[in-house]
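The values are calculated or read from the model by the stated rules, or taken from the named source; none is laboratory data. What you see is a predicted model; the values in this text were computed from it and never measured. Here Cβ is always computed from backbone atoms with ideal geometry, including for glycine, and neighbour counts include all displayed protein chains.
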Amino acid sequence: MSENIVFTDVSRFYGEVLGVNRINLTIPPGITSLVGPNGSGKTTLMNLMTGLVKPSKGSIDIRGVGPDEPEKLFRLLGYATQFDAFPRGYTGHQYVYSTLLLHGLAPAQADRKAWAAIERVNLVDAAKRKVDAYSKGMRQRIRLAQAIAHEPMVMVLDEPLNGLDPLVRAETIALFREAAARGAHVLVSSHVLHEVDMISDQVILLANGYVVAEGGIRGVREEISDKPLEIVVRCDKPSEMASRIFAFDHVVEARIHADGQGLLVKTKDASAFHKLLNRLALDGIEIDSVAPADDDVNSLYEYLIGEEGVTR
Amino acid sequence: MSGFDLWRRQVLTIVGLEWKKTLFARRGLWVYALALMPALLLGVKSYQDSKRFAEFERVAQSSPQAPKVTAQIRDGMESVELVRLLQDNGVTFNRFNRGRREIIRFNDGRAANELIFRDGKLVAKRDRRLASLGADVQAYAGIFQYFYIRLAIFFGCVGIFMNLFRGEMLDQSLHYYLLAPVRREVLLAGKYLAGLVATIGIFGLSFLLQYWLLLLPHSAAQTSQYLSDGGWGHVFSYFGVVAMACVGYGSVFLASGLFIKNPLIPAASILVWEGMNWFLPSALKKISVIFYLQSLCPIVAPPSPDVPEPLKLLITTAAPTPGPIAVAGILALASAILVLAARKARQLEINYSSD
């Protein structure tokens with residue numbers, strides 16, 4: 001049985017409006033972020049995975065199960081949607097507990113698991129209150145509790161950190177990491193890029209219904225060959241370093257920092273530049289640090305999609 | 001846990017979650033009004049009849065000779081003679097003069113009599129007796145068939161069953177069920193059963209209340225006699241008809257809620273089809289819920305008095321279906337519709353913005 005989530009040539013149209021088009025993806029376990037501006041197709045991709053919408057074309061396989069088999073799929077998968085409506089009159093506890101009953105659990109077991117999930121999202125005190133009276137952040141957390149209560153191996157979470165306070169946000173990220181560490185898929189959609197940088201093992205960049213890049217953030221960055229990589233080097237002799245590296249074709253630009261303690265280098269070949277740095281170090285230039293300056297999602301976004309979708 | 005055990009547990013869970021929502025939904029208040037309307041009318045009738053029965057009883061005891069007076073009334077009798085007879089026998093009466101016309105009213109303990117005299121001579125006589133239990137039971141057959149099944153239960157099922165899916169699409173909460181490890185067929189079965197629990201509960205209890213109110217003004221002896229002479233059979237049959245109506249119309253409107261966004265279109269179309277049933281050829285009659293329900297009713301009500309005379313000529317009759325076949329017919333119709341609905345449910349998507 002496959003351990004991956006596989007999209008094969010998946011398209012979805014809403015009448016004549018494009019949802020997503022020709023998606024081919026293989027997503028390994030770990031934390032994967034779906035990144036894209038509003039309307040890029042993130043939620044459609046998640047809804048396709050969970051059978052809430054059907055593909056117009058193509059097929060989807062989630063660890064060996066199709067989205068049209070809800071009785072199997074939702075034992076494996078938990079989905080915290082962006083839909084902000086709840087069954088009328090439910091308390092937070094009822095919301096999670098009744099879902100577990102639908103899994104076929106005995107009431108005592110469902111109750112135990114419901115409380116465990118509610119505790120994980122730090123909502124025990126409010127669990128007996130009606131969801132209608134919850135704040136946006138609390139509703140977000142109770143949806144998360146419902147999605148994780150049955151300890152799924154695939155967690156699909158649409159903007160899960162929206163509306164959470166910093167403490168809960170940190171706890172939630174820890175929860176994602178813990179799930180990823182036990183071999184689960186954690187698929188998170190977000191348009192907040194620094195968040196994605198912080199938590200993701202891999203990213204899928206979407207724009208206008210198309211996947212524009214996928215993979216580890218660094219790997220994706222390296223594949224963008226028409227944009228030189230930016231590297232910040234902190235050293236004691238930035239002027240000397242600048243003059244020596246300019247002799248090499250792969251170095252496009254070198255700019256000395258205002259403080260005179262380092263320089264920003266743009267290179268077309270990162271590995272050749274790193275070898276060059278070793279040689280310079282042996283020649284007596286003291287190098288304090290080397291750090292990529294544009295292999296974050298934010299930069300990828302600007303390069304691949306343009307400025308309009310970026311939220312910092 | 002075997003597949004069947006899991007489905008059973010899931011269906012029961014869905015019924016448990018849904019029936020309260022259905023019974024106590026604010027948007028369903030009009031269903032209660034519809035269900036209780038005949039009970040309210042029968043309650044008013046029952047109260048008035050009880051008062052009349054008491055009045056007749058009082059007259060029968062205070063003026064035991066009154067029926068003799070009634071027996072002596074004849075055409076052309078003079079008003080003064082009648083007044084004398086009434087006074088001699090101690091019967092209370094009212095007398096009104098309208099020029100040459102004179103009206104005398106009195107109660108003889110069996111009927112309320114109204115006698116009209118012209119130039120002092122009796123020209124017309126009317127008496128209003130209390131309806132017998134048999135007449136009330138017969139009248140109720142009409143109420144049950146023309147109002148209770150065709151309108152109250154029909155629209156009650158529109159309100160409850162169409163909302164099971166469509167209402168949650170409008171509330172944008174249907175994804176709650178679609179994200180659970182439940183086969184869509186099981187979800188449909190659970191929601192349908194929850195709808196049945198709610199509708200049979202509401203309309204069944206209302207029917208029992210109506211029947212109790214119908215019997216209430218009549219004496220204990222009459223009621224007891226009626227119940228032991230087949231009355232209990234009527235009660236059970238009517239209750240069964242209520243249940244079968246919910247089964248039949250419930251399946252139709254549950255499916256309609258899945259296929260069609262606007263509930264008025266299927267409700268109006270089916271209402272017209274069911275209303276046309278009297279005039280359909282016998283083969284077509286059978287493709288309706290009302291035909292089987294009428295076959296199950298213990299007392300056949302005549303065609304509605306509201307049908308215009310020319311249309312009465314177009315009424316066709318089909319032999320009523322025997323009870324077991326009628327029940328099987330409704331169950332078969334409901335099953336076929338539910339199978340179609342289940343197929344549709346499997347294709348159901350969440351696209352709240354377009355719902």
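Just to check your reading of the model, which residue among B:S288, B:S251 is under 27 Å from B:E349 (Cβ atoms) and either within 24 Å of the chain's Cα centre (by Cα) or among the aliphatic types (A, V, I, L, M) (or both)? Going through B:S288, B:S251 in turn, just one is under 27 Å from B:E349 (Cβ atoms) and either within 24 Å of the chain's Cα centre (by Cα) or among the aliphatic types (A, V, I, L, M) (or both): B:S251. Just so you know, in the stretch A:109-139 the residues that are more than 19 Å from A:E171 (Cα to Cα) and within 14 Å of another protein chain (Cβ to nearest Cβ) include one that is nearest to the chain's Cα centre (by Cα), and it is A:V131.
Whenever a residue of the stretch B:28-46 is outside the structural domain of B:G159 (by TED's automatic domain parsing), it has no partner that is surrounded by 16 or more Cβ atoms within 10 Å (Cβ to Cβ) and assigned to a helix (DSSP H, G or I) lying with C-beta atoms less than 7 angstrom away and at least six residues away or across chains.
Residue by residue, here is whether (1) surrounded by 10 or more Cβ atoms within 10 Å (Cβ to Cβ); (2) in the same structural domain as A:V232 (by TED's automatic domain parsing); (3) within 17 Å of A:R234 (Cβ to Cβ) holds:
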{"position": "A:A247", "(1), (2), (3)": "no, yes, no"}
{"position": "A:V251", "(1), (2), (3)": "yes, yes, no"}
{"position": "A:I256", "(1), (2), (3)": "yes, yes, yes"}
{"position": "A:G260", "(1), (2), (3)": "yes, yes, yes"}
{"position": "A:V265", "(1), (2), (3)": "yes, yes, yes"}
{"position": "A:F273", "(1), (2), (3)": "yes, yes, yes"}
{"position": "A:L276", "(1), (2), (3)": "yes, yes, yes"}
{"position": "A:L280", "(1), (2), (3)": "yes, yes, yes"}
{"position": "A:D288", "(1), (2), (3)": "yes, yes, yes"}
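Using the structure shown, decide if B:S269 is small (G, A, S), surrounded by fewer than 15 Cβ atoms within 10 Å (Cβ to Cβ), within 22 Å of the chain's Cα centre (by Cα) and modelled with pLDDT of 85 or more. Judged against the criteria, B:S269 is a match. Within the stretch A:106-118, at least one residue is surrounded by fewer than 19 Cβ atoms within 10 Å (Cβ to Cβ), free of Cβ contacts under 8 Å to residues at least 40 places away in the same chain and part of a loop (DSSP other than H, G, I, E, B). Every listed requirement among (1) facing chain A (nearest Cβ under 9 Å); (2) farther than 16 Å from B:G156 by Cβ is met by B:A25 save one, (2). Scanning the stretch A:131-175 for residues that are more than 20 Å from A:N47 (Cα to Cα) and touching a Phe, Trp or Tyr at 6+ places or on another chain (Cβ under 6 Å) returns a single hit, A:V131. Count of the stretch B:21-51 residues, restricted to those that are at pLDDT below 85 and either closer than 19 Å to B:F93 by Cα or outside any helix (DSSP H, G or I) (or both), is 2. Return yes when B:T13 is part of a helix (DSSP H, G or I), under 40 Å from the mean Cα position of the chain (by Cα) and within 14 Å of another protein chain (Cβ to nearest Cβ) and no when it is not. Yes: the conditions hold for B:T13. Would you say A:Q140 is in the same structural domain as A:Q82 (by TED's automatic domain parsing), assigned to a helix (DSSP H, G or I) and more than 17 Å from A:A80 (Cα to Cα)? No: the conditions fail for A:Q140. Taken over the stretch B:272-285, the criterion of being surrounded by fewer than 18 Cβ atoms within 10 Å (Cβ to Cβ), of a type outside the set (F, W, Y) and within 21 Å of the chain's Cα centre (by Cα) is satisfied by B:V272, B:G275, B:M276. Counting only helices (runs of 4 or more DSSP H) wholly contained in the stretch B:131-199, the ones carrying 2 or more residues that are at the interface with another protein chain (Cβ under 10 Å from one of its Cβ atoms) and over 14 Å from B:F253 (Cα atoms) occupy B:154-171, B:175-178. What about A:G30, is it within 17 Å of A:I148 (Cα to Cα), of a type in the set (G, A, S) and more than 14 Å from chain B (Cβ to nearest Cβ)? Yes: the conditions hold for A:G30. Give all pairs with beta carbons closer than 6 Å in which a residue from the stretch A:70-99 that is without any contact (Cβ under 8 Å) to a residue 12 or more places away in the chain meets a residue that is in a helix (DSSP H, G or I) and surrounded by fewer than 18 Cβ atoms within 10 Å (Cβ to Cβ); count only pairs at least 6 apart in sequence or on separate chains. That search, which allows pairs on different chains as well, returns A:A85/B:D171.
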